1. Scan Thr7, Thr2 and give me the residue that is at pLDDT below 70, exposed (fewer than 15 other Cβ atoms within 10 Å of the Cβ) and within 20 Å of the chain's Cα centre (by Cα).
2. Taking Phe83 and the conditions (1) part of a helix (DSSP H, G or I); (2) open to solvent by less than 70 Å² (accessible area, probe 1.4 Å), which numbered condition does it fall short on, given that it satisfies the others?
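The values are calculated or read from the model by the stated rules, or taken from the named source; none is laboratory data. Computed from a predicted structure; not experimentally measured. Here Cβ is always computed from backbone atoms with ideal geometry, including for glycine, and neighbour counts include all displayed protein chains. Side chains are part of the model used for accessible areas, which takes the heavy atoms of the whole protein and leaves out ligands, DNA and RNA. Shrake-Rupley method; radii C 1.70, N 1.55, O 1.52, S 1.80 Å.
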Amino acid sequence: MTIIISTIFHKSVKLIGYADDINIMGRTKRATSQVYGELKESAKEVGLIINAEKTKPMLQSRRPGKGGTWIVGNHKTETVRRFRYLGTVINDTNDEIEEIQARILTTNKAYSSLQTIFRTKQINRNNRIRLLKTLSQYYAIEV
């Protein structure tokens, strides 16, 4: 298997791996399917099996996708319009609005669950401010 070590802008396919997740990004269906086949063969050589039921392709484009099926390797799979990868929402139009809304929702939930701590008089005001700043950095918001 060829190891690709440049950006997607200079190559037709890019492999991104983390733990047991592998994301194959490609400019065309054919190139992505070819790399999937090579990956499957390389995995078989070392005794690994790629789960076909968990394999989900996505075609990213500026125009919204139609969905449908896609033949990846020897398997016919359903295409997805959005999925979560390492906590980040990725969709087929590469639109960040959905990701921003998800982060705002997560931050609001965390802040709401800590309202009792921020309003209590038992914790020193300076410690509450430090806690708020720490949580703000964790959830990537500004105070």
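1. Values: Thr2 fails: within 20 Å of the chain's Cα centre (by Cα).
Answer to the selection: Thr7.
2. Just one mismatch for Phe83, condition (1).
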